[in-house]
There are 2 protein chains.
Amino acid sequence: MMAEHSLWRFSRALHRAINERQSDDLETYIDEDVDWVIYGPIELFPFLGARHGKAAVLEVCRQISENVRVHRFDRESLMLGEDTAASMMRYSLTALDSNKPINLRLAHFARFKAGRLLNIRVLLDSHELVAQALGGPMHR
Amino acid sequence: MMAEHSLWRFSRALHRAINERQSDDLETYIDEDVDWVIYGPIELFPFLGARHGKAAVLEVCRQISENVRVHRFDRESLMLGEDTAASMMRYSLTALDSNKPINLRLAHFARFKAGRLLNIRVLLDSHELVAQALGGPMHR
């Protein structure tokens, strides 16, 4: 039997951590030395940016869970290697403070070690995020 | 001898088309039925968005070449499959109309057929693009 790719376990654990605030699974699938970056306007969204180590990543996932709820996501493109994965995804979120819907595309490149996330780089369609979450550059 | 991956030929041809406005090579490496999307704020940058077919893609590359010059790019993440490629890249550009420097991260997922580009999806750090090219949402 082929083992399930680490991406699927990590993805389920991450979405469970965000939507149900249950981070036990997520903790299992993150390496102690994880290197994590979500590129984007950190000055507007403090849960973006770089984090190092499992504790910092679990903490930022907790912050994300306090800010958004995931309604659905579609994986539009996917590449899997032995210990690597990249995908482009379309998310439907709700911003919890304003109850606003946010539709957002992102791309990620991830590397796993012994089934645990070691490195991830995420790029957001940040103009869309700013426009929807904050009302848009034209309307402030 | 292993054949060179289609990504490298396409990448050289694209950069040559943008910087030297020589699109002969690029024309060779694009499939007639190419499906091309650069996600981003189309209302601000008309050379973003979807294009179908070789003629439309060559035309949008010509428009891009009239808007920016590429100074350098770093490929920060890369995944290669037999006929597929995904990467995250950091570009240093100049906007030709204003002579402004633009530093921009993007991710792309590409599929090739017989060595020619058949499908590409590009995601830009569009907040960064808007901020640098137009002076930023705070300063308009």
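None of the figures in this text is laboratory data; all of them are computed from the coordinates on show. Just so we're clear, the structure is a prediction, and the values are computed from it rather than from any experiment. Glycine also receives a Cβ, built like all others from the backbone with ideal geometry; neighbour counts cover every protein chain displayed.
How many nanometers, to one decimal and shortest first, lie between the label point of residue A:19 and those of its other copies, if labels sit 7 Å from Cα toward Cβ?
4.6
Could you name the aspartates and glutamates whose alpha carbon sits less than 14 Å from that of residue B:54, not counting residues in the same chain fewer than 8 places away?
Those aspartates and glutamates meeting the cut-off are B:24, B:25, B:27, B:31, B:32, B:33, B:35.
222 nm [θ] for the protein assembly as shown, helices only, -39500 (n - 2.57) per DSSP H run of 4+, per residue, to 500?
Calculated mean residue ellipticity at 222 nm is -9000 deg cm²/dmol.
Run the numbers for residue A:80 and residue A:12: contour at 0.36 nm per residue of separation, minus the present Cα-Cα distance, in nm.
Net length gain for the segment: 22.8 nm.
Under unit Cβ charges (Lys, Arg +1; Asp, Glu -1), what dipole magnitude, rounded to 20 debye, does segment B:1-80 have relative to its Cα centre?
300 debye
Along the charge dipole of chain B, which of B:56, B:68, B:26 sits closest to the positive end, that is, farthest toward it, with unit charges on the beta carbon of Lys, Arg, Asp and Glu (+1, +1, -1, -1)?
Farthest along the dipole direction, towards plus: B:68.
I need the calculated FRET efficiency for the pair residue B:100 and residue B:19, taking r as the beta carbon distance and R₀ as 30 Å, to the nearest 0.05.
0.95
In square nanometres, what is the average projected area of the Cα convex hull of segment B:1-67?
About 5.0 nm², averaged over all directions.
Subtracting the Cα-Cα distance from 0.36 nm times the residue separation, let me have the gained length for residue B:3 to residue B:92 in nm, one decimal.
Contour length minus Cα-Cα distance gives 29.1 nm.
Helix B:6-20 against the longest principal axis of chain B: what's the angle in degrees, Cα atoms only, rounded to the nearest 10?
With rounding to tens, the tilt is 40 degrees.
Report, by chain and number, residues whose modeled amide H sits under 5 Å from the one on residue B:22, excluding near sequence neighbours (fewer than 5 apart, same chain).
Hits under the 5 Å cutoff: B:17.
Would you kindly calculate the translational diffusion coefficient of segment A:46-95, applying Stokes-Einstein with the Kirkwood radius from alpha carbon pairs, for 37 °C and a viscosity of 0.692 mPa s, and quote it in µm² s⁻¹ without decimals?
Translational D for this selection: 255 µm²/s.
Peptide B:102-114: average number of partner chain Cβ atoms within 10 Å per residue?
Average neighbour count from other chains, rounded to a whole number: 3.
Relative to the other copies, what are the label-point distances for residue A:55, with labels 7 Å from Cα along the C-beta vector, expressed in nm at one decimal and sorted shortest first?
6.3
Report D for chain B in µm² per second (integer): Stokes-Einstein, Kirkwood Rh on Cα pairs, 20 °C, 1.002 mPa s.
138 µm²/s
Let me understand the protein assembly as shown better: what is its radius of gyration from the alpha carbons, and its Dmax, in angstrom?
In Å, with Rg to one decimal and Dmax whole: 19.4, 58.
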